[in-house]
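Notes to accompany the following structure.
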Amino acid sequence: MTRRSLLLLCSLLCAFCTGPKDNPGTLETLKMAASEGCPLFGHQDDLMYGHTWNVTKENDHGLKRSDVLSTAGAYPYILGLDLGGLEIDSPVNLDGNDFNLMREAAERHYGRGGIVTLSWHLRNPLTGGDSWDVSSDEVVASILPGGSNHDLFISWLDKVSDFIASLKDADGKQIPVIWRPWHEHTGGWFWWGEGHRTSEQFNALWRMTYDHMERERNLDGLLWAISPNSLDDDFESWKETYPGDDMVDIVGLDCYCPTYLSQDQALPKYMADMRRCLGILNGFAESHGKILAVTETGYEGLTYEKWWTEVLAPAIEGFPVSYLLVWRNTDEMPRGMTHFYAPWPGGPSEKDFNDFVSSGKVKLL
Ligand code: BMA
């Protein structure tokens, strides 16, 4: 049998499955959390740095610290990490995390019983800029088969695949991960986003990524998460950029509390956006047999003390959300000490986060 007909046979077989399900343990944990109405709590870069500490800078292989742990006494269930920078052989990711320490963090977290999710803020393969470089609308076309950057991009996918394959459990087996490429594609800020390619090109991009990682590289245990961002109008249109049931396990929403509005306006808008978009995604997830998640959320700086119990909890109440992930806690943003989304000891929402956890409406590790 030729390689081409073998690939075709694999595609046909997969078309009869409801989705890529080679990660039963993690899948069942997520389904259970969704059915219990108690999402698993996630935090981006939780083990890598936090309020006034950073394992890369301190070369700390202990990997014990966590702002969530020091606030609430337990690690987050989900650890988010980002692979941006791996594609250009950088030793650190785009936020300065050493990739070897990231590997250790992923393995340590999995060893503790947690779940790892990976995103990828990759460079722009056409211009050499970053993910936010939207100066050309030809980037996706250039990496699809036949495009001038196709081979380069496949070499990038191989580097990411190598990293994922190198994540091992105590028995030397590759650990399962929630893989969330091409996130926030319904927004216009990333080169793969709305306005910078057609819907068909996006779906082809996803398929190419999926085929390469699953079929060429045979990576085990990937759960594929797609995560459109909330939109002010016509969120329903996100479905045009859904690649297909055979290539997605989790449909998640990226929805942030807007910082460009005053608090009085931002909090109600966030709650309304979350409920409206989750309602649409939930209907979709149910009819397609997929798991619902809030793949990114948060309120930068957490300046509203009761954000957890009075804003986030009611915003997701009643939806079968399997996990929710808040973004990173860093003091290294150019505009100052505001880029914090998880609680920290002494921070404004410390008590409220503990109330949120003890209410049983979210689960830590
Ligand atoms: C964004 C910001 C950036 C960061 C990127 C990838 O939302 O936090 O500072 O580089 O995520 O983590």
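The values are calculated or read from the model by the stated rules, or taken from the named source; none is laboratory data. Remember, predicted model here, so these are calculated numbers, not experimental data. Glycine also receives a Cβ, built like all others from the backbone with ideal geometry; neighbour counts cover every protein chain displayed. Note: areas computed on protein heavy atoms with side chains; ligands, DNA, RNA excluded. Shrake-Rupley method; radii C 1.70, N 1.55, O 1.52, S 1.80 Å.
Of note:
- Residues satisfying the stated conditions in the range 108-129, i.e. among the small types (Gly, Ala, Ser), surrounded by 20 or more Cβ atoms within 10 Å (Cβ to Cβ) and more than 13 Å from the ligand (Cβ to nearest atom): GLY114
- In the range 130-146, the residues that are more than 13 Å from the ligand (Cβ to nearest atom) and either not aliphatic (A, V, I, L, M) or not in a loop (DSSP other than H, G, I, E, B) (or both): ASP133, SER135, SER136, ASP137, GLU138, VAL139, VAL140, ALA141, SER142, ILE143, PRO145, GLY146
- Here ILE164 qualifies as more than 16 Å from the ligand (Cβ to nearest atom), open to solvent by less than 40 Å² (accessible area, probe 1.4 Å) and touching a strand residue (DSSP E or B) at 6+ places or on another chain (Cβ under 8 Å).
- Residues of the range 93-113 that are in a loop (DSSP other than H, G, I, E, B), in contact with a helix residue (DSSP H, G or I) (Cβ under 9 Å, 6 or more places away or on another chain) and not polar (S, T, N, Q): GLY96 alone.
- Of the criteria (1) open to solvent by less than 10 Å² (accessible area, probe 1.4 Å); (2) under 30 Å from GLY172 (Cβ atoms); (3) without any contact (Cβ under 8 Å) to a residue 40 or more places away in the chain, which one LEU219 fails: (3)
- Selection count where residues are open to solvent by less than 10 Å² (accessible area, probe 1.4 Å), part of a strand (DSSP E or B) and within 14 Å of the ligand (Cβ to nearest atom), scope the range 76-92: 4
- Scanning the range 317-365 for residues that are out of contact with any Leu (no Cβ under 8 Å at 6 or more places or on another chain), modelled with pLDDT of 95 or more and among the β-branched types (Val, Ile, Thr) yields one hit, VAL326.
- Test: residue in the range 186-195 that is touching an Asp or Glu at 6+ places or on another chain (Cβ under 7 Å), buried (at least 19 other Cβ atoms within 10 Å of the Cβ) and not in a loop (DSSP other than H, G, I, E, B): no
One line per residue, one yes/no per condition, for (1) in contact with a helix residue (DSSP H, G or I) (Cβ under 9 Å, 6 or more places away or on another chain); (2) more than 16 Å from the ligand (Cβ to nearest atom); (3) open to solvent by less than 80 Å² (accessible area, probe 1.4 Å); (4) at pLDDT 95 or above:
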{"residue": "SER5", "(1), (2), (3), (4)": "no, yes, yes, no"}
{"residue": "LEU13", "(1), (2), (3), (4)": "no, yes, no, no"}
{"residue": "PRO24", "(1), (2), (3), (4)": "no, yes, no, no"}
{"residue": "LYS31", "(1), (2), (3), (4)": "no, yes, no, yes"}
{"residue": "SER35", "(1), (2), (3), (4)": "no, yes, no, yes"}
{"residue": "HIS51", "(1), (2), (3), (4)": "yes, no, yes, no"}
{"residue": "HIS61", "(1), (2), (3), (4)": "yes, yes, no, yes"}
{"residue": "SER66", "(1), (2), (3), (4)": "no, yes, yes, yes"}
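This table checks each residue for (1) of a type in the set (D, E, K, R); (2) open to solvent by 20 Å² or more (accessible area, probe 1.4 Å); (3) in contact with a Phe, Trp or Tyr (Cβ under 7 Å, 6 or more places away or on another chain).
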position: ASP98; (1), (2), (3): yes, yes, no
position: LEU101; (1), (2), (3): no, no, no
position: SER131; (1), (2), (3): no, no, yes
position: VAL134; (1), (2), (3): no, yes, yes
position: HIS150; (1), (2), (3): no, yes, no
position: VAL160; (1), (2), (3): no, no, yes
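- Checked against (1) over 24 Å from ALA313 (Cα atoms); (2) in a loop (DSSP other than H, G, I, E, B); (3) of a type in the set (D, E, K, R); (4) within 16 Å of the ligand (Cβ to nearest atom), ASP46 passes all but condition (1).
- Hits in the range 317-349 - residues which are away from the ligand (no atom under 16 Å from the Cβ) and open to solvent by 60 Å² or more (accessible area, probe 1.4 Å): GLU317, GLY318, PRO345, GLY346
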